[in-house]
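Participant: Below you'll find the structure I mean.
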Amino acid sequence: MTQIGEAVAGLVHEPTQSRDHGLDLTVAAIEEVTVPGRVDFGGGELDPAETEPVETQLRDPDDDYAWWTLDQGAYVVRYNESLTLRSGQRAEISPLERTLLAGAHHATFGLNEGRDPLETLIVVSRLGCRLKENCRLSRLTVREVGD
């Protein structure tokens, strides 16, 4: 495992986000998928899905952070963090157990290059879920190829 702090920018609170085997990613923004995308065999007819921002709401006027209320469906999550990978590094992003327990999930996926912004697609169950601004949603691990 590499020194992950070297590969990530935009941490909200490093001591809370740092884990023995990775780093927890935090949510900066959420957009609802409103129009489906399209993928063809060769990629020449790729049309990304269209999205619209989901607004947050305070649960209490004295709260410092607001909540997203997500109904059943698909959403693009933009993390606060961005990722830079050196040659020979590979990253993996997977959902935290708390995300699954809250009624949402995303696929575990790998990256061979950095991303800014760092994003994923989450799917929310029929009962919906609520996510607080800056909540820790996913775990990022970075490895040297061959580890």
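Participant: Tell me, in nm to one decimal, what length is gained between Asp20 and Thr84 on full extension, where the rule is 0.36 nm per residue of separation less the Cα-Cα distance?
Facilitator: Stretched fully, the Asp20-Thr84 segment lengthens by 21.1 nm.
Participant: Roughly how many debye, to the nearest 20, is the charge dipole of the stretch 1-133 about its Cα centre, given +1 on each Lys and Arg Cβ, -1 on each Asp and Glu Cβ, and no other charges?
Facilitator: It comes to approximately 440 debye.
Participant: What is the spin-label model distance, in nm, from Glu52 to Ser125 if the labels are put 7 Å beyond Cα along the C-beta direction?
Facilitator: Rounded to a tenth, the inter-label distance reads 2.7 nm.
Participant: Relative contact order of the stretch 4-144: what whole-number percent is it, with Cα pairs under 8 angstrom and at least 6 residues apart?
Facilitator: Values: 306 pairs, mean separation 45.1, N = 141.
Over the stretch 4-144, the number comes to 32 percent.
Participant: Would you tally the net charge around Leu118, using a Cβ to Cβ cut-off of less than 12 Å, leaving Leu118 out, and scoring K and R as +1, D and E as -1?
Facilitator: Around Leu118, the charge tally is -2.
Participant: Could I ask something else about it? For Cα extents along the principal axes in Å, one of (1) 45, 45, 23; (2) 57, 35, 26; (3) 44, 33, 22 was computed from the structure I shared and the rest are decoys. Which label?
Facilitator: Checking each listed value against the structure points to (1).
Participant: Which one, Asp20, Asp60, Asp40, has the greatest fluctuation when you compute a Gaussian network model over the chain with C-alpha springs under 10 angstrom?
Facilitator: Asp40
Participant: Give the separation of the Cα centroids, the stretch 14-28 to the stretch 47-126, in Å.
Facilitator: 14 Å
Participant: Which residue, Asn112, Asn134, Asn80, has the most motion in a Gaussian network model of the chain that connects Cα atoms within less than 10 Å?
Facilitator: Evaluated over the chain, the most mobile residue of the options is Asn112.
Participant: Compute a Gaussian network model of the chain, connecting alpha carbons closer than 10 Å, and tell me which residue from Val39, Val12, Val124 fluctuates the most.
Facilitator: In the Gaussian network model the winner is Val39.
Participant: For the chain, what is the calculated [θ] at 222 nm in deg cm²/dmol (nearest 500), taking -39500 (n - 2.57) for each run of four or more DSSP H residues and dividing by its residue count?
Facilitator: My calculation for the chain gives -1000 deg cm²/dmol from helical runs alone.
Only the coordinates and a few stated rules stand behind these numbers; no lab work does. None of the values given here were measured: they were computed from a predicted structure. All Cβ positions, even for glycine, are placed from backbone atoms using ideal geometry, and neighbour counts span all protein chains on display.
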